[in-house]
Structure formats: C-alpha cells, structure tokens
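See below for the structure under consideration.
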Amino acid sequence: MDLSNLKPAKGSVKRNKRLGRGQGSGKGGTSTRGHKGAKSRSGYSRKIGFEGGQMPLQRRVPKYGFKNVNRKEFKGINISTLQNLAEANNLEKIDIETLVIAGFVSKNDLVKILGKGTLERKLEVHAHAFSKSAVEAIEAKKGTAVKL
C-alpha cells in the first residue's frame, strides 16, 4: 500500500443532490420545494416562533413579573451543618474549600451561613454572606464570622 492507491472507505463519500439542473435529472422544475408559497422562494427563512400566521405562543401567553439580572444566588448552609462538620472532622476553621471537600457546595457557589440550629464550639467561619442570627450564634461562642 502506498499513497497512489489510497481510497476512502466504501459508502463514506456521497454525491450531493444537484437541484435545478434540468428535467432529465429528476430534480429540475421546482427543485424539491413543492409549488408556490413562502418556502419555495429564494431567501426564505422562517422567523423563530412563527406558527404559520396563527398567533404565536409567546404572544398568546400573558407576561408578568420580571427577572433581576443583578440577582446573586446564594447557597444556604445552616449552623447545624457547620456544627456536624466541625465535630466529624475536628475543625476550628471552616471556609469555602472545606465545604467543597465535604460536598455541601461546588467551588463556584456563593455561600451564605444561616442561623438554624445551635453551635457548641468556637469556630472561625469564612463565607460570602451571613444572616444576623448566624453571626450572633457564632460570636456567642467567641468565634469569628469572616465575610469574603
């Protein structure tokens, strides 16, 4: 075998349809587009959501509310969860990396510490946001809440 007798695999190369090249080709005349109408014309492109003249779904259905593009989505972690994590791994400091390793959040999540549950040990907690009750609970045990 050498470069002079290389061929593509059988069935891998197809000839493209040559439309509009005379009646003898079988693909002449209307060139597989049918008769008349918008779809038979050159330059036709259907608008997104076009339903053949029927009122489109996005105009039939009423709109309400709004989406705040500046919204920050926080992943809430309760103090009880931090307490369990600290007891299980004997920790004094809990940060985002610790929570990622434990599987509570993913590395790109914004974390907010919430005040549900009780804290039995002094902890240094690093997070993006804290609720008032969470800060009070952490500081009541002489711990620190560090906002990132």
Residue separation between residue 39 and residue 60 times 0.36 nm, minus their alpha-carbon distance, gives in nm 5.1 nm
Pseudo-spin-label distance residue 72 to residue 122, built 7 Å along Cα→Cβ, given in nm, is 2.9 nm
Residues whose modelled amide H sits under 5 Å from the amide H of residue 130, counting only those 5 or more places away in sequence or on another chain, are 113
Long-range amide H partners of residue 144, meaning residues 5 or more apart or on another chain whose placed amide H is closer than 5 Å, are 123, 124, 125
Once the in-chain neighbours fewer than 8 apart are removed, the aspartates and glutamates whose Cα is under 13 Å from residue 116 read 136
The ³J(HN,Hα) series, computed from each phi in segment 138-148 with the Karplus coefficients 6.51, -1.76 and 1.60 at θ = phi - 60°, rounded to the nearest Hz and given as x for glycine or proline, is 5, 6, 5, 9, 6, x, 10, 10, 9, 8, 7
Across the alpha-carbon set of segment 21-148, Rg over Rh with Rh taken as the Kirkwood radius works out to 1.51
Any residue on another chain or 5+ positions along whose placed amide H is under 5 Å from the amide H of residue 78 is listed here as 114
With the charge dipole of segment 1-107 built from beta-carbon charges (+1 for Lys and Arg, -1 for Asp and Glu) about the Cα centre, the Cα from 104, 16, 55 projecting farthest to the positive end belongs to 16
Restricting to Cα pairs under 8 Å and 6 or more apart, the percent relative contact order of segment 1-40 works out to 21 percent
Between the Cα axis of helix 79-89 and the main Cα principal axis of the chain, the angle (0 to 90°, nearest 10) is 80 degrees
Taking every alpha carbon pair in segment 74-147 and sorting the distances into 10 angstrom bins from 0 up to the bin holding the longest one, the percent per bin comes out as 22, 62, 16
Segment 92-148 and segment 4-27 have their Cα centres apart by a whole-number Å value of 67 Å
For segment 1-44, the Cα-Cα pair-distance distribution in 10 Å bins from 0, as whole percents, is 22, 30, 21, 16, 10, 1
Whole-number value, in Å³ per residue, for the convex hull of the alpha carbons of segment 37-95 is 236 Å³
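Every number in this text was worked out from the coordinates using simple rules, so none of it is lab data. All values derive from a computational prediction rather than experimental measurement. Neighbour counts run over all protein chains shown; Cβ positions are idealised from the backbone, glycine included.
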